[in-house]
1. Project the alpha carbons of the range 7-131 onto their principal axes and report the range along each, largest first, in whole Å.
2. In what sequence, highest mean first, do 44-57, 102-115 appear when ranked by Cβ atoms within 10 angstrom?
3. Starting from 0 in steps of 5 Å, tell me what percent of the Cα-Cα pairs of the range 44-197 lands in each bin.
4. Can you tell me the orientation of helix 53-78 relative to the chain, as the angle in degrees between its alpha-carbon axis and the longest Cα principal axis, to the nearest 10?
5. May I ask for the percentage of alpha-carbon pairs in the chain that lie more than 35 Å from each other?
6. Could you tell me the calculated FRET efficiency between residue 93 and residue 147, based on Cβ-Cβ distance and R0 = 22 angstrom, to the nearest 0.05?
7. After finding the eigenvalues of the alpha carbon gyration tensor for the range 172-234, what semi-axes result from the square roots of 5 times each, listed largest first in whole Å?
8. State which entries of 42/218; 81/150; 6/80 exceed 22 angstrom in Cα-Cα distance in the structure shown.
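All of the numbers you see were taken from the coordinates with simple rules; none came from a lab. Quick caveat: nothing in here was measured; it's all calculated off a predicted structure. No Cβ is skipped: glycine too gets one built from the backbone with ideal geometry, and neighbour counts run over all protein chains shown.
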Amino acid sequence: MGNILKENDLSALQKYRLKSEIGKSFNVANLMEKAYANDFMKKLAFSIGATSERTAASIFIKRYAFIAVISLFAMTTGNKKMNLALDNIEMEEVERGKDWLPMISLKDSSIEEWYGEDRDEWRKSVYRDLFANNIYPIIEHFEKTFKISKLILWENIAVYLFWLYETELKDSENPNVLKDFLFLIMEAEGNLFGEYHLNPIQKYYSEKNSPDEIRIRKTCCFTYQLGSKRCKTCPCTHIANDGVCYDGENICGAVRSIT
């Protein structure tokens, strides 16, 4: 790590909620402490109207997925690797009675640039820092602390990465876009994501349904428990009765089908 993110980098990444400075914030590493995580999810659940800390944990990961979007956007479009140590990441505090769409800041904004060496190996180092060393520990911790399936949490990450490559970067002429997307969904080894033999993102990629051109999720993310309708991509719509799954919420049939 040496160079610093430039003004034009920050301008491009602000769309994905990265700012050089934010107001009241917390350090993401604190969430690895069980007591802090429990208090945080209670506060988040109250703020967004979630029915439980488990639902709040799912919503948190959907917001935290932008760390992955920011990292892979910088990697693909600029050949830049960020410092994604958990204690380097600050997120905006939760405010009661408001939707939580937090901005993100890096205390150390230094970057490592790819200078023409083996890009495949360099890309793997980006993945290890992002997934194995950052996202994986959080997902494992949340599964144990809030009794939520890691399959749901990984899909919460996956859908935003598919969106990045299929929507945000679909018109880019940068050859890295297709190469990096294929690596994500087809080639990346499981150990780049944590203690896995298989790539945990791959199972969520499928062809989009016509004519709506949407990809039905494999799991339910519990967003409907905030009082909204089920997402059009939710796999549980056809088995829901008045917004409640027939088979309960411990682990739905959609989750069981991919275990």
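1. Projected onto its principal axes, the Cα set of the range 7-131 covers 49, 27, 20 Å.
2. Most protected by this proxy first, the peptides run 44-57, 102-115.
3. 2, 9, 17, 21, 21, 15, 9, 5, 2, 0
4. It is inclined by approximately 20 degrees.
5. Counting every Cα pair in the chain, those more than 35 Å apart make up 13 percent.
6. On the way: r = 25 Å, r/R0 = 1.14.
Result of the calculation: an efficiency of 0.30.
7. Values: eigenvalues 140, 69, 22 Å².
Square roots of five times the eigenvalues give 26, 19, 10 Å.
8. On the way: 42/218 27 Å; 81/150 26 Å; 6/80 11 Å.
The pairs that break the limit, which is 22 Å between Cα atoms, are 42/218; 81/150.
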